[in-house]
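Have a look at the structure below before the remarks.
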Amino acid sequence: MLARLKALDTGRYSIFLILGAVVVVASFLSENFMTTNNVTNVLRQVAVITILAYGAMTLIIAGMIDLSAGAVMAFAGVVSVIVYKDTSSMLLAILAGIVVGVACNLVNAFLVATLRTPAFIVTLGMMMIARGAVLQLTQGQNVLQLGDFVVLGQGSLGPIPLPTLFLVIITVIVWYLMSQTRYGRSLYAVGGNEEAARAAGIAVERVKYQAFIVNGVLVGFAGVIFMARVNAGLPNAGVGYELQAITAPIIGGTSFSGGIGTTAGTLAGALIVGVLGNIMNLTGVGSYVQQIVMGVIIAVAVAYDVWSKRGKRKTVILKNDGEADGQPPASGEAPVPAGSGTASGRQGKGVSP
Amino acid sequence: MSAAVASETPRLTVTGVSKSFPGVMALQDVTFTVRPGTVHALCGENGAGKSTLMKIINGIYSPDTGEMRIDDEPVRVRNPIEARAKGIAMISQELNYVPDMTIAESFFIGRLPTRFGKVDWAHMRREARRLLAEEGLDYSVNRKLGSLTVSEIQTLEILRAVYHDADVLIMDEPTSAIAHREVASLFAKIRRLRAEGKAIIYISHKMDEVFELADDVTVLRDGTVVSSQPASEIGPETVIAQMVGRDLDHQSYPKEHAEIGDTVLEARGLSNSQLFEDISLSVRKGEIVGLAGLIGAGRSEVVRAIFGLETLDAGEIEVDGQAVRLRSPKAAIDQGVVMLSEDRRLVGIIPQMSIKQNATLASLRKVIRGGFTRRREEETIAKEYFDRLSVKAPSSETRISSLSGGNQQKVLLARWLIAEPKVLLLDEPTRGIDVGAKFEIYKIMTQLARQGRGILMISSELPELIGMCDRIYVMAAGRLTAELTPDQYSQETILTHAMNDSEVV
């Protein structure tokens with residue numbers, strides 16, 4: 001039964017099939033689900049978390065993690081809001097948010113890449129520092145009356161909410177970085193096997209800095225959109241977002257041990273989480289139960305990832321026992337090393353005992 | 001043949017033991033007897049099967065056939081814990097210890113004494129103190145292992161083994177990690193244990209040690225026992241000859257004449273205070289140069305240092321006559337120096353990536369240009385080299401981790417050929433791969449030499465070095481001990497220089 005489940009795995013498309021299934025089921029559960037209003041709403045809501053998720057994915061693929069994303073997002077967003085109120089310049093405000101995000105992540109990068117401190121600990125420290133900084137800056141008070149700034153979070157271009165538009169643009173950029181550039185390829189290599197990557201001539205430290213900088217830009221910009229959407233600079237915003245941001249890539253097949261993951265998978269993972277939350281709201285599921293459901297989904301996704309990889313390892317041993325030659329190809333590998341974490345199950349196809 | 005002339009019962013007997021791994025017959029019908037109150041030396045080249053045999057005795061591997069007896073009682077040892085219970089203790093070559101553990105804890109780890117369910121620390125410290133006192137050691141039992149020297153830890157390991165009633169002590173190259181002056185006290189300890197009636201299996205490459213200590217000597221070659229007799233009936237030269245065997249086969253190496261050109265890699269006085277000292281070597285265009293030596297002689301470290309993976313305290317490197325500083329693999333690759341690591345899994349493959357992406361990893365500039373990945377060009381380049389190296393894989397998208405060792409190695413060779421190097425540093429390029437793939441790798445090396453590239457090859461297989469190299473450097477204990485030309489080649493010569501850690505060129 002389990003073996004058949006592995007064989008059933010449709011590889012890198014499975015996550016999109018699951019997303020499709022969730023959407024179909026949701027539309028049966030509530031007639032309000034498929035309305036333009038609701039769909040627009042979901043897409044607006046998922047923007048911030050998905051942007052954070054791309055940052056988390058970047059770091060996880062490179063074998064690192066960022067626990068400071070939620071706090072840095074709040075810090076960046078509040079600074080951005082304050083700059084806007086002082087200068088009335090939307091551009092300066094956005095830049096200020098991004099600068100804060102990048103600055104915090106450069107500190108992370110220095111400690112992780114240069115001083116070789118574990119990212120988990122470093123970013124845990126940064127989480128507290130950034131939260132403390134934003135609370136000190138505002139003395140714990142919310143910054144109100146943002147004026148036109150709210151457009152960034154609440155406005156629309158035609159029927160498309162601006163946050164959704166930003167998300168689309170960022171998705172394309174992240175996809176491009178991950179799949180088309182030397183930076184992206186190096187990132188996968190470093191996360192896959194750091195020593196081997198170094199010995200292949202990859203500047204491992206530089207790649208780690210780059211990953212943190214990308215994360216910083218994304219976290220900073222997410223902060224700007226978030227504050228604009230809620231029409232306030234909230235120093236207490238984003239608590240727990242760092243973990244929600246990790247959820248989407250993990251569900252979308254990013255391997256926690258690094259080296260594997262795709263932009264599209266992360267997007268799908270974020271949409272699954274968004275749609276599930278939305279349909280539970282629509283059908284009146286309480287927020288406590290919602291948390292339980294999300295928790296179960298994460299546990300299942302990761303357990304599946306680990307389990308399907310175990311299958312692969314067995315396969316490798318089997319193949320090395322004899323000759324690997326002449327075995328049927330592992331069905332269509334993704335052109336990006338990526339595939340997805342869950343994709344490793346495919347390797348078991350046709351050669352499992 | 002049999003040394004056990006006395007009527008006494010052997011302490012440990014291993015009879016008819018065979019063990020095969022996929023594609024390799026590691027041990028074949030090995031019979032081995034150790035008498036109580038003797039030191040039995042086990043000699044053999046790297047890969048002769050010594051470690052496999054010891055791992056079987058210690059319960060880490062289970063033999064395919066054969067049996068083991070202790071004091072003439074048949075025993076089955078399925079893991080090291082059972083081995084310990086049967087009185088077998090192994091003092092391994094690479095001492096594994098937890099630096100934060102105290103001396104007292106280290107004596108009892110794995111069998112902490114308890115009192116009413118609670119660890120009896122007082123008893124542990126008391127016992128440990130007594131043991132140290134008996135040995136004439138005066139340090140505190142609360143000292144952490146991390147603050148001790150390797151030789152001190154080794155002493156503690158031996159003490160621990162004896163304290164827990166070990167009757168058979170396996171020592172795997174115990175002098176490889178300790179300083180010269182500490183060897184004497186180790187030998188004194190071994191002699192004392194022998195006088196107490198312990199059976200000691202002593203593994204070593206070093207003939208002087210073997211003949212100073214051993215009562216019996218067994219020589220292994222290619223997984224079989226070549227000889228087993230009292231040390232008094234055999235000499236070092238005979239043992240070395242038996243270790244090497246006589247069946248040299250130059251014909252099986254596809255060595256061809258290549259035009260030898262100017263020096264392409266020149267290293268002068270390379271030193272690293274921890275690893276090696278004053279290494280000077282050169283490689284010319286078209287030349288295949290060997291670097292021989294025993295495991296731990298520092299060969300890999302020298303090559304890693306040239307490639308920028310270890311730091312150099314002193315020394316200069318020139319590539320094509322230009323002084324260069326190779327602080328990282330990236331810098332080395334930019335200068336045309338590449339290294340194929342002996343550890344494919346740790347320092348070679350990116351397991352999650354396809355063979356194509358593994359192959360192009362060191363030459364990303366060739367496939368990612370103008371802001372986009374040129375997938376078709378990447379495919380073309382990878383295919384070309386996979387064909388040239390006859391990599392056998394279902395497709396270029398196959399994950400590298402699903403290939404056999406030989407094919408993985410060819411993919412990694414492809415990685416370096418795509419980078420068009422001037423010098424290839426090959427560290428055990430044929431280790432762990434089957435005979436057919438080995439031959440193909442020799443052919444590739446020959447072709448590379450003919451193209452005018454320089455090759456520096458480390459190998460522990462002497463026939464391979466003799467069959468392929470135009471010159472051979474020999475290292476021992478972090479220093480060069482010989483530079484040999486083909487007319488001087490013989491396995492005996494190489495081994496003699498490799499085992500000599502006092503002589504310096």
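How much net charge surrounds A:Met64 when only other residues with a Cβ under 15 Å from its Cβ are counted (Lys, Arg +1; Asp, Glu -1)?
Net of charged neighbours comes to -1.
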remark   = Per residue convex hull volume, Cα only, chain B, in Å³ is 178
key: Label-point separation, A:Leu137 to A:Phe28 (7 Å along Cα→Cβ), nm   = 4.8
message = Contact order normalised by length for chain B, with contacts defined as Cα pairs under 8 Å and 6 or more residues apart; what percent is it?
response = 15
query = Roughly how many nanometres apart are two label points built 7 Å out from the Cα toward the Cβ at B:Thr311 and A:Ile129?
reply = 2.5
note = In debye to the nearest 20, the charge dipole size for the protein assembly as shown, taken about the Cα centre with +1 at each Lys and Arg Cβ and -1 at each Asp and Glu Cβ, equals 3260
remark   = Ordered by fewest other Cβ atoms within 10 Å, a rough proxy for footprinting exposure, A:Lys208, B:Lys19 read B:Lys19, A:Lys208
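First measure r as the distance between the Cβ atoms of A:Glu195 and B:Glu82, then evaluate 1/(1 + (r/R0)^6) with R0 = 35 Å and state the FRET efficiency to the nearest 0.05.
0.50
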inquiry  = What translational diffusion coefficient, to the nearest whole µm²/s, does the stretch B:281-417 have by Stokes-Einstein, given a Kirkwood radius computed over alpha-carbon pairs, a temperature of 4 °C and 1.567 mPa s viscosity?
reply    = 79
query = If each of A:Tyr288 and B:Asp334 carries a label point 7 Å out from its Cα toward its Cβ, how far apart are those two points in nm?
reply = 6.1
ask   = To the nearest Å, what is the center-to-center distance of the stretch A:179-221 and the stretch B:164-217, using C-alpha atoms only?
value = 50
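For peptide B:399-406, what's the mean number of Cβ atoms from other chains within 10 Å of each residue's Cβ?
Mean shielding count: 6.
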query = Going down the table (A:Lys208/B:Lys366; B:Lys19/B:Lys206; B:Lys330/B:Lys383; A:Lys85/A:Lys208; B:Lys383/B:Lys443), which pairs top 28 Å between alpha carbons?
reply = A:Lys85/A:Lys208
Trypsin sites (Lys or Arg not before Pro) within the stretch B:298-336, DSSP loop, no more than 16 other Cβ atoms inside 10 Å = B:Arg325, B:Arg327
Chain B: calculated mean residue ellipticity at 222 nm from DSSP helix runs of at least 4, using -39500 (n - 2.57) = -9500 deg cm²/dmol
inquiry  = For the stretch B:68-149, what does the relative contact order come out to in percent, with C-alpha contacts under 8 Å and a separation of six or more?
reply    = 32
query = A:Thr35 label point, 7 Å along Cα→Cβ, cut-off 13 Å on backbone N: hits in the stretch A:253-293?
reply = A:282-283
request  = Quick one: net charge around B:Val119, please, counting Lys, Arg +1 and Asp, Glu -1 for every other residue with C-beta under 15 Å from its C-beta.
outcome  = +2
message = Please arrange B:Ile381, A:Ile251 by how many other C-beta atoms lie within 10 Å of their C-beta, fewest to most.
response = B:Ile381, A:Ile251
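Under 8 Å for C-alpha pairs, at least 6 residues apart: give me the relative contact order for the stretch A:1-136, rounded to a whole percent.
24
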ask   = When the chain is fully extended, how far beyond the present Cα-Cα distance does B:Arg191 get from B:Thr263, taking 0.36 nm per residue of separation?
value = 20.8 nm
request  = May I ask you to sort A:Trp307, B:Trp416 by Cβ crowding, counting other Cβ atoms within 10 Å and putting the fewest first?
outcome  = A:Trp307, B:Trp416
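Every read-out reported here was derived from the displayed coordinates using simple, explicitly stated rules and does not represent laboratory data. The model shown is predicted, which means the values in this text are computed figures rather than measured ones. A quick note on method: Cβ atoms are made from the backbone with ideal geometry, for glycine too, and the neighbour counts reach across all protein chains shown.
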